[in-house]
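Here is the structure we will look at, set down as structure tokens.
The values are calculated or read from the model by the stated rules, or taken from the named source; none is laboratory data. These numbers were taken from a predicted model, which means no experiment stands behind them. Virtual Cβ from ideal backbone geometry, glycine too; neighbours counted across all protein chains shown.
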Amino acid sequence: MKNINVIALVILAIVTLLGNVNEANAQRIKDIASVQGVRSNQLVGYGLVVGLPGTGEQSPFTDQSFITMLRNFGISMPAGVKPKVKNVAAVAIHADLAAFTKPGQTIDITVSSVGSAKSLRGGTLLRTFLKGLDGNVYAVAQGSLMVSGFSAEGADGSKVIQNTPTVGRIPNGAIVEREVPNSFAQGDFITFNLHHSDFSTAKRFADVINSILGDEIAKPLDATSIRVSAPRDVSQRVSYLATLEEFEVQPASGAAKIIVNSRTGTIVVGQHVRLMPAAITHGSLTVTIAESPIISQPNQLAGGETVVAGQSVIDVTQDDSRMFKFAPGTTLDELVRAVNLVGASPSDLMAILEALKQAGALHGELIVI
């Protein structure tokens, strides 16, 4: 592996980086990719919230949890006696443990009721172990809840609820007890994973790094991963990665897609979606897309050449004989505007798009969510 001088690397990057990339659409590496192995981990736990003003619950698992808690403190209840408390609620706690978080640091936690508690406002979470996917305890949570929602109920059964009173947060509510190991300092390479897989973007990613640092420094492995040579010394690797993150890459254009949300009627059209000439009739709405050639005949004595150019015209008609004309260009954006001008509903447009796709006149992937 080539010996990389970090100081020279920083100077070289500052001088040459912006000159090699189109700044208009370029994005920093840290905005389009993440380092493999450097990730957050989800933690979850089960506990009790106490001190509620009568808004707790009485359920079998809450009673069992409460009795177990008392037993841990050396308090035993008489056999057959069940606790009758309404100021206790069983809750689930979840949190995200960021990469490189060290023991002794604190993280925010979210507390959610898992039973029939009416509100967690005013409650206090007792000590709860937060475990990872491997079953090990990584943090311990405890503290007073902050609940933005509230609820009020009248004697006649009327009820007023604002926001969600059964979910609260505790800023810095958990203390980290164990660090999650990662592979950042291992090996001779750093692997970047693109947030959105694309072969063209992966190649451009590697080309930008190689154009600045030298050939064979970065190699695309597939549409997502790019492997980059890195120094073994941890301190140099940190400085090296800090420099790489500021490099700018121009992501490739995405595939032609039309995203349709059938529940809300939202339609998003990608910039590369195109239409073939077609005639559309939907109820009382008629949309016609046609192309006609235009021959440009310049002065032959001046050395000009005859050029045949295409002209596209989109006409929209209804029973009232209204007609709309648009500038040349058979794009889906013009069809959408045409349909909107005549007052068609989103469901009408969805039906038109689906029919165009089935007819082979729509160049793009139609995705319904």
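Worth pointing out:
- Of all the numbered requirements in (1) modelled with pLDDT of 90 or more; (2) surrounded by fewer than 13 Cβ atoms within 10 Å (Cβ to Cβ); (3) more than 29 Å from the chain's Cα centre (by Cα), T124 misses one, and that requirement is (2).
- Selection of segment 356-369 for residues being among the small types (G, A, S) and touching a strand residue (DSSP E or B) at 6+ places or on another chain (Cβ under 7 Å) yields A359, A361, G364.
- Residue check, A230 at negative phi, aliphatic (A, V, I, L, M) and modelled with pLDDT under 95: yes
- If you filter segment 199-224 down to residues that are of a type in the set (D, E, K, R) and at pLDDT below 90, you find that the one that is surrounded by the most Cβ atoms within 10 Å (Cβ to Cβ) is E216.
- Some residue of segment 69-89 being free of Cβ contacts under 8 Å to residues at least 12 places away in the same chain, within 24 Å of G122 (Cα to Cα) and surrounded by fewer than 11 Cβ atoms within 10 Å (Cβ to Cβ): yes
- A count restricted to segment 163-194 and to residues that are of a type in the set (S, T, Y) and without any contact (Cβ under 8 Å) to a residue 24 or more places away in the chain stands at 1.
- Annotation: of all residues in segment 231-252 being more than 20 Å from K203 (Cβ to Cβ) and aliphatic (A, V, I, L, M), the one that is surrounded by the most Cβ atoms within 10 Å (Cβ to Cβ) is L241.
- Search result, residues across segment 147-176 that are at pLDDT 80 or above, part of a loop (DSSP other than H, G, I, E, B) and either hydrophobic (A, V, I, L, M, F, W, C) or touching a Ser or Thr at 6+ places or on another chain (Cβ under 6 Å) (or both): V147, P165, T166
- Positions within segment 182-232 being under 23 Å from the mean Cα position of the chain (by Cα), of a type in the set (S, T, Y) and over 16 Å from F247 (Cβ atoms), in sequence order: S197, S200, T224, S225
- H94 meets all of the listed conditions (1) surrounded by 12 or more Cβ atoms within 10 Å (Cβ to Cβ); (2) within 29 Å of V180 (Cα to Cα); (3) in contact with a Lys or Arg (Cβ under 8 Å, 6 or more places away or on another chain) but one, namely (3).
- Residue within segment 70-91 that is under 18 Å from V140 (Cβ atoms) and in a helix (DSSP H, G or I) present: yes
- A residue that is in contact with a Pro (Cβ under 9 Å, 6 or more places away or on another chain), of a type in the set (S, T, N, Q) and assigned to a helix (DSSP H, G or I) occurs nowhere in segment 217-237.
- Test: residue in segment 128-141 that is within 20 Å of T55 (Cα to Cα), touching a Ser or Thr at 6+ places or on another chain (Cβ under 9 Å) and surrounded by 15 or more Cβ atoms within 10 Å (Cβ to Cβ): no
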